[in-house]
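So the structure is just underneath, and the comments pick up after that.
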Amino acid sequence: MKGCCSCPSGTGLPPFPASSFTLQKSYNPPSVRILLLSDIHSNLEALDACVAAAPAHDLVVNLGDTVGYGANPNEAIARAQALGRVFVRGNHDRAACGLMSIGDFNPAAGLATLWTRDQLTAENLDWLRSLPQGPIRLDELPGIQFVHGSPLDEDKYLVSVQDAIEPLLASPVPLTFFGHTHLQGGFSLAGEISEAYRPTYRTVGKPESSDWPLRKDNDKDTDKDKDENKNKNNASRYLINPGSVGQPRDGDWRAAFAVFDSETCIVTFYRVPYNLRAAQEKILAANLPQWLATRLATGR
Ligand SMILES: [Fe+2]
């Protein structure tokens, strides 16, 4: 099953067991590896580098903002469509196709949105308008949901633990994958303890990966413990951000993505160098704001 990353219809996955995904040791779904892409932002060079570096996977999920900021909106959409059919709409997707005002955008983002709208084909404008609002849940993936911002508000930025607590407590599923902040990492809630997680890397210029093993609840529980805890709503919950493919803002210029392996319950974060110069030159050639090119080099 691994390696099937361009399923012709739906997700192409076999049905999963009816039980919900609780991250418990007893849960033993068939292995599925999800390639998570978010915030591509019309950066074709970064997207191509991510796809080239991605390990074998069964499904691609796009967490929104395929367009905006960068110089290749139509090309980025074409690539994203070829990768898979699971999408969540982002705020830049909505703004580019006229579903949302640019009133809250900074001047550079607003100019880039208007430029993007002018570049997009009629077909791609229609496609952007058709993208679904999160949270997205798939029958084949119980216990997992996909959003752009917060599960409670698609436009909210989840930057801090304080931001994450409410959606973590309210979440009906243990795993939520999100984007929007362009910050790779996530948040966890176990009992009353909530924490932020950021992957660590050794370099700033080479391809690297970093594993985040998710907690499997009840790993050390006895049968008696399991009985007592069975009805308690104390399973670990996670909010996980694969980072931004095309415009990272965590100080690392490399393109970001992640892969979740349901069998091992490990999220592997990736950072890959890409042809930064080419992406910058396209932005400048398009007369988009210069800052949109220079910020790519600093990852801010
Ligand atoms: Fe974004």
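The values are calculated or read from the model by the stated rules, or taken from the named source; none is laboratory data. Not measured: the values here are computed from a predicted model. We place every Cβ from the backbone using ideal geometry, glycine too, and count neighbours over all the protein chains shown.
A few comments on the model shown:
- Residue count for the stretch 158-194, restricted to those that are β-branched (Val, Ile, Thr) and within 16 Å of the ligand (Cβ to nearest atom): 2
- Within the stretch 27-63, the set of residues being in contact with a helix residue (DSSP H, G or I) (Cβ under 6 Å, 6 or more places away or on another chain) and in a loop (DSSP other than H, G, I, E, B) comprises 40, 42, 43.
- Total residues in the stretch 111-122, condition more than 12 Å from the ligand (Cβ to nearest atom), part of a helix (DSSP H, G or I) and under 27 Å from residue 275 (Cβ atoms): 7
- Candidate set: the stretch 28-58, residues that are of a type in the set (Gly, Ala, Ser) and within 16 Å of the ligand (Cβ to nearest atom); chosen: the one surrounded by the most Cβ atoms within 10 Å (Cβ to Cβ): 42
- Note on the stretch 203-212: residues that are in contact with a strand residue (DSSP E or B) (Cβ under 7 Å, 6 or more places away or on another chain) and modelled with pLDDT under 95 amount to 0.
- The residues of the stretch 69-110 that are away from the ligand (no atom under 16 Å from the Cβ) and in a helix (DSSP H, G or I), listed by number, are 74, 75, 78, 79, 81, 82, 83, 107.
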